[in-house]
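The values are calculated or read from the model by the stated rules, or taken from the named source; none is laboratory data. Computed from a predicted structure; not experimentally measured. Counting neighbours? That spans all protein chains shown, and the Cβs are built from the backbone with ideal geometry, glycine included. Keep in mind that these areas ignore ligands, DNA and RNA; they rest on the heavy atoms of the full protein, side chains included. Shrake-Rupley method; radii C 1.70, N 1.55, O 1.52, S 1.80 Å.
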Amino acid sequence: MRTIPADFLWGGAVAANQVEGGWNKDGKGISVIDVMTAGAHGVERQITDGIVNGNYYPSHEASDLYTHYKEDIKLFHEMGFKCFRTSIAWTRIFPNGDELKPNEAGLAFYDGLFDTCLAYGIEPVVTISHFEMPYHLVKEYGGWRNRKLIDFYVNFCEAVFKRFKDKVKYWMTFNEINMIVRKPWKPGGIQFAEHENKLQVMYQAGHYMLVASAKAVQLGRKINPAFQIGCMFLHPTSYAATCDPRDVWTSVQKQQRAYFFLDVHVRGKYPNAYYTFIESNGLNIEMKPDDEQILHQGTVDFIGFSYYSSSVVYHEPSHQQQSEGNEISGYKNPLLPSSEWGWQIDPIGLRITLNWLYDKYQLPLFIVENGLGAVDELQEDGSVHDPYRIEYLRRHVEEMKKAIVEDGVEVMGYTPWGCIDVVSAGTGEMKKRYGFIYVDKDDVGNGTLKRYRKDSFYWYKECIRSNGQVL
Ligand code: BG6
């Protein structure tokens, strides 16, 4: 009988820009997130032209992991974490992005962070770029529109690979690479001029990022052949809304498109459907003669992905309600409940997704994001009762277990999103909480930043202790 492997990487995930704060400490430069104001459910975050006085920017302090990291990692250890997924803020290492030498104070911060993890037996899992890049690279070069970004990114990778080669084994090159063709500001520093061909810009940027990722993989392997370097992909799980073959075909096509970039990460080349998509949309993607070879030689060791919810598709516009959730387009599934932010809750969708991915690629899978954003109430005695989060996670872990035990899918680990409360990437809110650990801070920046254990903290501790047996 198969079981969850003994070395399974149970842990939690965050991203530098959503948790660290310390936006201008120790030489850190301004990042694309540092110029984003807070929004709300249904209210877009604004991107300002630099830091403009009078605005509230939630990333500037965030959950202040920058100064609390020792306390936070101790709490992760108390839960039994085997790993901790975070990202490295590019702007701490290269404040402007185009410097030749890294910022020593930035590197030293991550030395402290990773050393603390390792002292507790927690394996750092590092996303090199998670929705964060130097604002200067946007102003000066246009962000990932520009091929020059490949060199800047590889330079950044070289600095962190060399510095942390004996501390970090698991890396992912870009968070949710396919987000570049959905909402390109955070991952790519891209805004559009009026009447610009958005698809052209986004798919071109995506190509540069894939080349950069492949170069980073090759470089990383040279620096330490024991590195495990993966990709990270937003899995937009969706189903045909009906058994009308036209709906099914639309659903197949949607999935093919979603997998374009994943195919390149894993197989080292674009699928044929990509070229027909490019052609039928009249896009002209600039590829250098060497790119093919670079992509071919820079394939990943594992697939990291995020899974939160699912949606359904029709072959033509429907009167049904559109679904919300992680920048994913689609319609609501009438059979599923939704979170307070409208993200549909579909635990079986995780099992389906694991099977789809493993059937297609046969690479180890790492669920590096999953979780429920919800409003939590801190009680006077310091407790936080979050049975809804426990229920969400329990049901997803159950389905993950079935995928491993009954379906034979190879899963390396599970790191629920926002293991300590962080700023929401989508809305900039603090009240959209995912954590096992509550951070006392509100949507306009008030709060003591004190940490409190939620009920889910104790639930997850037991889940990890029993290797997923006691849920
Ligand atoms: C993923 C991102 O898209 O979803 C995270 O990688 C993000 O950065 C998470 O926080 C949840 O989204 P949100 O909008 O609820 O923060």
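Assigning unit charges at the beta carbon (Lys, Arg +1; Asp, Glu -1) and nothing else, what dipole magnitude in debye, to the nearest 20, does the chain show about its Cα centre?
Working: 50 positive and 59 negative charges, 191 e Å.
It works out to roughly 920 debye.
If all Cα-Cα distances of the range 80-158 are sorted into 10 Å bins from 0 onward, what percent lands in each bin, rounded to whole numbers?
18, 45, 25, 10, 1
Suppose accessible area is computed on protein heavy atoms with a 1.4 Å probe; arrange THR116, THR276 from highest to lowest.
THR276, THR116
Kindly flag which residue pairs out of LYS139/LYS431; LYS148/LYS186; LYS148/LYS183; LYS28/LYS162; LYS82/LYS183 have an alpha-carbon separation exceeding 23 Å in this structure.
Beyond 23 Å: LYS139/LYS431; LYS82/LYS183.
Order of 341-351, 40-50 by packing, highest average Cβ count within 10 Å first?
341-351, 40-50
Averaged over all directions, how much area does the convex hull of the C-alpha atoms of the range 142-266 cover when projected, in nm²?
Result: 9.1 nm².
In a Debye calculation with equal point scatterers on the alpha-carbon sites of the range 1-133 and no solvent, what is log10 I(q)/I(0) at q = 0.12, 0.16 Å⁻¹?
Here the Debye-derived log intensity ratios amount to -0.52, -0.84.
Counting heavy atoms of the protein chains only and a 1.4 Å probe, report the per residue accessible area for the range 286-338 as a whole number of Å². Intermediate values should be presented prior to the final figure.
On the way: 2770 Å² over 53 residues.
Computed with neighbouring chains in place, this is 52 Å² per residue.
What value, in deg cm²/dmol to 500, does the helix sum -39500 (n - 2.57) over DSSP H runs of n ≥ 4 give at 222 nm once divided by the residues of the chain?
Mean residue ellipticity, 222 nm, calculated: -11500 deg cm²/dmol.
Put one equal scatterer on each alpha carbon of the chain, apply the Debye formula with no solvent term, and list log10 I(q)/I(0) at q = 0.05, 0.07, 0.08 1/Å to two decimals.
Here the Debye-derived log intensity ratios amount to -0.16, -0.32, -0.43.
If the convex hull of the alpha-carbon atoms of the range 43-121 is projected onto planes in all directions, what is the mean projected area in square nanometres?
The Cα convex hull of the range 43-121, projected and averaged over all directions, gives 7.6 nm².
Kirkwood hydrodynamic radius for the range 420-471: how many Å is it when counted over pairs of different Cα atoms? Write down the numbers at each step before the final one.
Values: mean 1/r = 0.0830 Å⁻¹.
One decimal place: 12.0 Å for the Kirkwood radius.
Take the alpha carbon atoms of the range 331-369, find their center, do the same for the range 201-250, and report the distance between the two centers in whole angstrom.
16
For the chain, give the percent of accessible area contributed by carbon and sulfur heavy atoms, probe 1.4 Å, rounded to a whole number.
Summing carbon and sulfur atoms, their accessible area is 50 percent of the total for the chain.
Which percent of the Cα-Cα distances in the range 301-438 go past 20 Å? Mind dumping the intermediate values first?
Numbers: 4832 of 9453 pairs.
Summing the P(r) of the range 301-438 above 20 Å gives 51 percent of all pairs.
Taking 0.36 nm per residue of separation and subtracting the Cα-Cα distance, what length does fully extending ALA105 through ARG147 add?
Working: separation 42, 0.36 × 42 = 15.12 nm, distance 2.84 nm.
Length difference between fully extended and current span is 12.3 nm.
Could you sort 207-213, 389-395 so that the peptide with the highest average Cβ count within 10 Å comes first and the rest follow in order?
207-213, 389-395
Taking 0.36 nm per residue of separation and subtracting the Cα-Cα distance, what length does fully extending SER338 through ARG221 add?
Gain in length upon complete extension: 37.9 nm.
Please name whichever of MET133, GLY413, PHE302 sits farthest to the positive end of the charge dipole of the chain, dipole taken about the Cα centre and charges placed at Cβ: Lys and Arg +1, Asp and Glu -1.
Going by the Cα projections, it comes out as PHE302.
Give the Rg (one decimal place) followed by the Dmax (whole number) of the range 323-403, computed from C-alpha coordinates and expressed in Å.
15.0, 50
Only Cα pairs under 8 Å and at least 6 apart count here; give the relative contact order of the chain as a rounded whole percent.
18
Where a ≥ b ≥ c are the square roots of the eigenvalues of the C-alpha gyration tensor, would you call the range 254-362 rounded, which needs a/c under 1.5, or, failing that, prolate if a/b is larger than b/c, or oblate?
On the way: a/c = 2.80, a/b = 1.61, b/c = 1.74.
Oblate, because a/c is 1.5 or more while a/b does not exceed b/c.
Say the dipole of the chain comes from +1 at the beta carbon of Lys and Arg and -1 at that of Asp and Glu; which of ILE464, THR3, LEU283 then lies farthest toward its positive end?
Looking along the dipole axis, the top candidate is THR3.
Viscosity 0.692 mPa s, temperature 37 °C: give me the Stokes-Einstein translational D for the range 328-375 in µm²/s, with Rh taken as the Kirkwood radius over C-alpha pairs.
260
I'd like the distance separating the alpha-carbon centroids of the range 119-137 and the range 44-89, in whole Å.
Distance between centres, Cα-based: 11 Å.
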